[in-house]
1. In percent, how large is the relative contact order of segment 114-198, given Cα pairs closer than 8 Å and 6 or more residues apart?
2. At 0.36 nm per residue, and after removing the present C-alpha to C-alpha distance, how many nm does the segment from Arg334 to Asp225 gain when stretched out fully?
3. What pairs in Lys194/Lys304; Lys13/Lys194; Lys70/Lys194; Lys293/Lys335 have C-alpha atoms more than 23 Å from each other?
4. Would you kindly calculate the mean projected area, averaged across all directions, of the convex hull enclosing the Cα atoms of segment 114-198, in square nanometres?
5. Per DSSP H run of at least 4 residues, take -39500 (n - 2.57); add these up for the chain, divide by its residues and hand me the 222 nm value, nearest 500 deg cm²/dmol.
6. From the C-alpha gyration tensor of segment 27-128, pull out the three semi-axes of the equivalent ellipsoid (sqrt of 5λ each), sorted largest to smallest, in whole Å.
7. Would you work out the relative contact order for segment 207-328, in percent, from Cα pairs under 8 angstrom that are 6 or more residues apart?
8. Residue by residue through segment 64-80, what is 3J(HN,Hα) from phi via Karplus (6.51 cos²θ - 1.76 cosθ + 1.60, θ = phi - 60°)? Round to whole Hz and write x for glycine and proline.
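Derivation of every value follows stated rules applied to the coordinates shown; laboratory data play no part. Since we're looking at a predicted model, the values are computed, not measured. Heads up, the Cβs are rebuilt from the backbone with ideal geometry, glycines too, and the neighbour counts pull from every protein chain shown.
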Amino acid sequence: MKEGWRWYGKFDKISLSEIAQTGASEIVTAQHEIPYGEIWASETVQATRQKLNAAGFNWTIVESLPIHEKIKRNDGDLSGLFANYRQSMANLAAEGIEVICYNFMPLLDWTRTDLAAPVARGGTCLRFSSAKMAALELFMVERPEAENDYSAEVIRQAKAWFEASTQAERDQLIHAVMAGLPGAYDRFDTAGLKEALKAYDGISRDQLRANYKRFLDEVIPTAEDLGLRFAVHPDDPPRDILGLPRIVSNEADIDWILNAHESPSNGLTLCAGSLGANPRNNVPDIARKFADKIHFAHLRNVAKDPDGSFEEAAHLGGDTDMVDLVSALLTEQRKRRTDGRKDADITFRPDHGHDLFNDAEREAHPGYPLLGRMRGLAEIRGVIAGLSAQLPAA
Ligand code: DNO
Ligand code: MN
């Protein structure tokens, strides 16, 4: 497997020369400064590639080529947005990009309620508290319907938290909820979020699926022509939040997506942490089921609580059997080699890490510290080396 590392370009506090020391060979990045919907110009993409190559890295995976909210909502004439998207794809393919990772989460990206929850032996992690999320939904953006989405006990805790909270704590909560959005994109305060949610009023799960299918029909044929592979990233957490439907959350969803426009270019980013936050998802089984469509892997772990809360565990800790998962990916890789597939090698990256040692002082993108991710990468590297030594040569 190839070792990747996410880099936020000019927004990243971690330099390429530091990343080089982790041993990762692949940079995973985007043009984070370009607003959603605009073309990623050839010269810009080329400059990024040259910079990465000069620093000793390969760049074959984009994460993400973001999808404009209007496309997700099927709002108005989308022909210009689709044309721009396809032009960006062509410009990327011309610079050697092979895989486009993207997500189809309405409004938000990964969602947490705490960016620095304490970890037992020191350091901090990202955490999702059901009670705090319920507090945000019920009392901050004022969605009474959210009562149906949480247990009575969680609602009781939500009320208690909200009543005891200061304005600063509420601001911190909304800040944490927005932290998953990459680059320079729209982040909302409570009032802004309330307003933005209105645009999704009446957009059902089926409607969102229809909009998603349209997106696939618009871009996958072009991806085939350009030799690009699309890799959808699962929803995080893998369930509806804020009344927004989430349609990339489990095995049945993934099955629907891969069949909605069947193509070798329509595939999956296997994000172990995102899928692993739902107790009904068995991540190694999902990896085995869709193995031949996995174009990219995000490896991290979560520890779940019975009430739907979870936190990010050490990469080999938590509820997902990481050794079994890596073994599934290595088995697939071996099969691809035997079949002579030219995309045999699967690139993974350590997806998030704890803030360890002086990570917090660096103020890197939340969840993307240097040392915490390096620990994760090193542990997974060891698993890969150990398992590879036991696999017969392909
Ligand atoms: C969390 C991260 C995500 C991911 C985007 C891809 O699991 O990997 O933020 O980068 O959703 O579009
Ligand atoms: Mn991920």
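1. 24
2. Working: separation 109, 0.36 × 109 = 39.24 nm, distance 2.66 nm.
Taking Arg334 through Asp225 to full extension adds about 36.6 nm, to one decimal.
3. Working: Lys194/Lys304 28 Å; Lys13/Lys194 31 Å; Lys70/Lys194 17 Å; Lys293/Lys335 13 Å.
From Lys194/Lys304; Lys13/Lys194; Lys70/Lys194; Lys293/Lys335, over 23 Å: Lys194/Lys304; Lys13/Lys194.
4. 6.6
5. On the way: 15 runs with 168 residues, N = 394.
Theoretical 222 nm ellipticity from helices: -13000 deg cm²/dmol.
6. Working: eigenvalues 167, 103, 17 Å².
Semi-axes from the Cα gyration tensor: 29, 23, 9 Å.
7. This gives 22 percent for segment 207-328.
8. 10, 9, x, 9, 4, 4, 5, 5, 4, 8, 6, 9, x, 7, 9, 4, x
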